[in-house]
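Reading through the structure tokens given below for one structure.
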Amino acid sequence: MSETLFKRSDFSTKILEVLDHVEYRRVESSEDMEQVERLRYKAYKAHDVLALAPKGLLDDSDFDSHAYIFGLYYYGELVSTIRVHYVTPEHRLSQSGGAFPEAMDELLDAGLTLIDPARFAADPELTADLPWVPYLTLRPTIVAAAYFRADRVLQFVRPPHAAFYKRVFYADTVVPGRLAKNYGIDMTLMATNVLEGGRKLLTRYPFFISSASEQRMMFSRNPNDTLPPLTIIPTARFVPQGELGTDLPL
């Protein structure tokens, strides 16, 4: 997850070029869900973390009304997947809530709305030489923050990964690394304050920018906004400069 794999001055330009060959698919069909399940198994097995999926590779949260599962395709090949949960004071189901319920309740009781990503999985055979995969796999979390006008984007991660999220997403620590009982390992909960960090994030990493139409295609469940197959082309290269304020609640 190191941007030093590219020259730092070229990093965002390189990823913007990659976007020409990338598409997202919102997973709705049973066939696509089976493909996601296979990819999760392959990725978790390769990293020896199958035991961290105690409820199985698919669970009830995958089918929750506030859950959105995406596949990232590169030249037509599925390379990674992520689940994005929109968490509100009225709808509290989330991955992070299962591990740190008190911290999540504190945020929600304060009236905040949250984007909670989970089930990140990347094909180890296809992504070994693709250092941009973590950034573009996590991109839907930023698109979600824009669409839902969310207050925070959460990062529920292992402590060694915390520095990446602090550096890239300007994330603050909510819960320091400690044992998460339902995982049996140390985890930490972090959060990006969208209001404070959103503009900096989009300015530094313009590949996170999205148009209003892309946001609707990713997250609207109005049949007038999306038609199957739910394949979405990233729009970061087509949003005019100076319109960052339309993308996040700044």
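The values are calculated or read from the model by the stated rules, or taken from the named source; none is laboratory data. This one's a predicted model, so the numbers in the text were calculated from it and none came from an experiment. Every residue, glycine among them, receives a Cβ derived from its backbone with ideal geometry; neighbour counts consider all protein chains shown. For accessibility, only protein heavy atoms count, side chains too; no ligands or nucleic acids. Shrake-Rupley method; radii C 1.70, N 1.55, O 1.52, S 1.80 Å.
Basic side chains Lys and Arg get +1 at the Cβ, acidic Asp and Glu get -1 at the Cβ, and with that the dipole of the chain about its Cα centre reaches some 600 debye. The stretch 14-43 and the stretch 154-214 have Cα centres lying 21 Å from one another. Of 61, 30, 94, the residue with the greatest mean-square motion in the GNM of the chain, using alpha carbon springs below 10 Å, is 30.
Averaged per residue, the chain has 47 square angstrom of accessible surface, using a 1.4 angstrom probe with ligands and nucleic acids left out.
Could you work out how much longer the chain between residue 58 and residue 10 gets when fully extended? Use 0.36 nm per residue separation minus the Cα distance between them, nm to one decimal. Write down the numbers at each step before the final one.
On the way: separation 48, 0.36 × 48 = 17.28 nm, distance 3.79 nm.
Here the segment from residue 58 to residue 10 would lengthen by 13.5 nm.
Rounded if a/c is under 1.5, else prolate if a/b is larger than b/c, else oblate: which is the stretch 129-207, with a ≥ b ≥ c the root eigenvalues of its Cα gyration tensor? Prolate shape, in that a/c is at least 1.5 and a/b is the bigger ratio. For the chain, the number of Lys pairs with C-alpha atoms closer than 18 Å, counting only pairs eight or more positions apart or on separate chains, is 4.
Share of carbon and sulfur in the accessible area of the chain stands at 51%, probe radius 1.4 Å.
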